[in-house]
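Have a look at the structure below, then the notes.
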Amino acid sequence: MNEMRPIRAKSGTNQEGASAHNRRVMIDALRVNGQLSRADLARATALTKQAVSNIIEELERDGLVASLAAVRRGRGQPSTPYRLVPEGAFAIGLQIDRHVTRTIAVDLVGAVLARGEVSLPAGGPARGTETILSLIEKTRQELTGVAPQSRDRLVGLGVAMPGPFGIDADVNDPWVMAAWQSFPLLETLSSGTGFDVRLQNDAAAAATAEKMVGAAHGLEHALCIYLGYGLGAGLILNGELYHGANGNAGEIGMILSRPRGATDDGRAPLEYRASIASLCKILDLDPADPDLYTRIDAIASVPDRRVAAWIADAAFELQAVIQALETVFDPQTIILCGGMPHELARLLLSALHPLLPSIAERRGRSAPRLQLGFTDPWAVAIGAAAEPISRTFDPRFSAILKKRADGAR
C-alpha cells in the first residue's frame, strides 16, 4: 500500500446549500498544494467523492480548473490530477501612498502580468483620482494585451492605503491621509472603472500578498509586521485576514511608547521611531524621492552611525511588539515585511535577535518565530490585487452564512 502524503486543506461540508463554501475549499486546496486528484481532494477536505466530482466538473466548466495526464501510483488505478487555471480569473490592485500610486494586475495564482506607477499630483484626491483612474485604465489595457481573456474574467479592484480609518485627524497630519479618507474614494473608483472595489490598510494588503504568494502561503495563523512609511500589522487568523470592527486591526504603529532611555513620560506613537519616515528624518532624505530605496540601501550597505542608532531603537521597540503579538495571538510565525530596502530589512532582522522569551519558544516548531517576507515597494499593490482573488475564491464562513466578512468596506 502506498503511503498517503499529507495535504493541507480546510474541511468542506456535505450539508445542503453550502456549495459556495465547498467550491472555495477546493480552489484553496489546489492553490496551496498544487496538483491533486479527486481522491486526494476528497480525503483532504472530508467531502464525499461524489461531491468532489461534482464540484471539479463545475470548476472545469467555469474554466477555473484543468485536468492533467493521468498518473499511476503503485498497483492501483491511474488517477487524474487537477490544477488551477491561472487564466481563470484576474484582478487589479491599487496602492495609494502619500507620494505615489501603483497598480498591479494578477491572475488566479498571483502571477503579476502588468504594473504601473506614477507620482500623485498636488491637490489631494480631487486631482489625484484623475491620475489614478488613468493609471488603472492603462494597466487594464496592458493586461488585456497579454491576457485577452481578462476582459471577461476580472473579478474586482482591491485598494490599499495607510490607515487607521474613520478617526478624527488633522488634515495636514503626514501619518494619516485624512483628506483621502474623507473623500468618497470607493464610490469614485467604482463609478470610474465599473469594478467592485474594496479597501484595506497597507499592512493588511502586505499580509494578503504574503498569504497568497509569500511566506504565509499555506499557513493558518501568521502575523505580518509591515514596516513602510509607517508601521502596521496584518493578522491572518484561522486562514482569513482579520480586519477588526472598523478595518483598523493591527495598527501597531499607533501604540504609545517611550524612547529607550527616556527620563520623562514623552509617549508618542511607535511609528514615530520605527518607520521609514522616521529614518528619512534622521538621514535628511525626502520620502517622495523616487530613488529613496536606492539611497537608503547605499547608506545601509556601509557602517553608518545614524542607521545603526535607528536600527537599535527600532529593534528595541519591535522586540516588545513581537513578544506581545506572540502572547496574544499564538501564531505559527511572524513575518517582517514591507516597503523598505532589503539591506535595511536584513540588518533590522538581525538586530531583532535574540527575540524576547515568549510562549512561542517551543520544541517542534515547523516555522521560525520570525522570518523575512517581501521587502519590495510593490508588495502592498500585489496584496491589493490579491484581495479580490481572495474575496472571490478563498474559503470563509461568510460563504456559508451568506453575509459579508467582518471589516469589509
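In the stretch 62-71, the qualifying residues are those that are part of a loop (DSSP other than H, G, I, E, B) and free of Cβ contacts under 8 Å to residues at least 24 places away in the same chain, and the one that is surrounded by the most Cβ atoms within 10 Å (Cβ to Cβ) is A70.
Considering only the stretch 47-61, I want to know if a residue exists there that is touching a Leu at 6+ places or on another chain (Cβ under 6 Å), of a type outside the set (K, R) and not in a helix (DSSP H, G or I). No, the stretch 47-61 has no match at all.
For the stretch 294-325, the set of residues classified as within 18 Å of P341 (Cβ to Cβ), in contact with a helix residue (DSSP H, G or I) (Cβ under 7 Å, 6 or more places away or on another chain) and hydrophobic (A, V, I, L, M, F, W, C) consists of I296, I299, A300, V307, W310, I311, A312, A314, A315, listed by residue number.
When the test is whether a residue is within 22 Å of R260 (Cα to Cα), outside any loop (DSSP other than H, G, I, E, B) and charged (D, E, K, R), E343 does not pass it. Of all residue pairs spaced 6 or more apart or on separate chains, those with beta-carbon atoms under 7 Å, a first member in the stretch 20-33 that is within 15 Å of E60 (Cβ to Cβ) and a second member that is of a type in the set (K, R) and modelled with pLDDT of 90 or more are L30/R83.
Apart from one condition, T13 fits all of (1) modelled with pLDDT under 90; (2) under 30 Å from G230 (Cβ atoms); (3) not acidic (D, E); the exception is (2). Of the residues making up the stretch 323-351, those that are under 15 Å from V307 (Cβ atoms) and of a type in the set (A, V, I, L, M, F, W, C) are M340, L344, A345, L347, L348, L349, A351. Taking the condition surrounded by fewer than 20 Cβ atoms within 10 Å (Cβ to Cβ), without any contact (Cβ under 8 Å) to a residue 60 or more places away in the chain and at positive phi, does G145 pass? No. Residues in the stretch 72-126 that are assigned to a loop (DSSP other than H, G, I, E, B), in contact (Cβ under 8 Å) with a residue 60 or more places away in the chain and over 23 Å from the mean Cα position of the chain (by Cα): R73, G74, G76. In the stretch 57-90, of all residues being among the hydrophobic types (A, V, I, L, M, F, W, C) and farther than 17 Å from D28 by Cα, the one that is modelled with the highest pLDDT corresponds to L68.
Residue-by-condition table, conditions (1) in a strand (DSSP E or B); (2) buried (at least 24 other Cβ atoms within 10 Å of the Cβ); (3) assigned by TED's automatic domain parsing to the domain that holds I132; (4) touching an Asp or Glu at 6+ places or on another chain (Cβ under 7 Å):
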| residue | (1), (2), (3), (4) |
| --- | --- |
| C224 | yes, yes, no, yes |
| I236 | yes, yes, no, no |
| L241 | yes, yes, no, no |
| A249 | no, no, no, no |
| R260 | no, no, no, yes |
| G266 | no, no, no, no |
| A274 | no, yes, no, yes |
| D286 | no, no, no, no |
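Residues of the stretch 361-372 that are free of Cβ contacts under 8 Å to residues at least 60 places away in the same chain, touching a strand residue (DSSP E or B) at 6+ places or on another chain (Cβ under 8 Å) and part of a loop (DSSP other than H, G, I, E, B): P368, R369.
Restricting the stretch 288-312 to residues that are of a type outside the set (A, V, I, L, M) and part of a loop (DSSP other than H, G, I, E, B) leaves a set whose member that is surrounded by the fewest Cβ atoms within 10 Å (Cβ to Cβ) is P303.
The values are calculated or read from the model by the stated rules, or taken from the named source; none is laboratory data. Since the model is a prediction, treat every value here as computed from it, not as a measurement. A quick note on method: Cβ atoms are made from the backbone with ideal geometry, for glycine too, and the neighbour counts reach across all protein chains shown.
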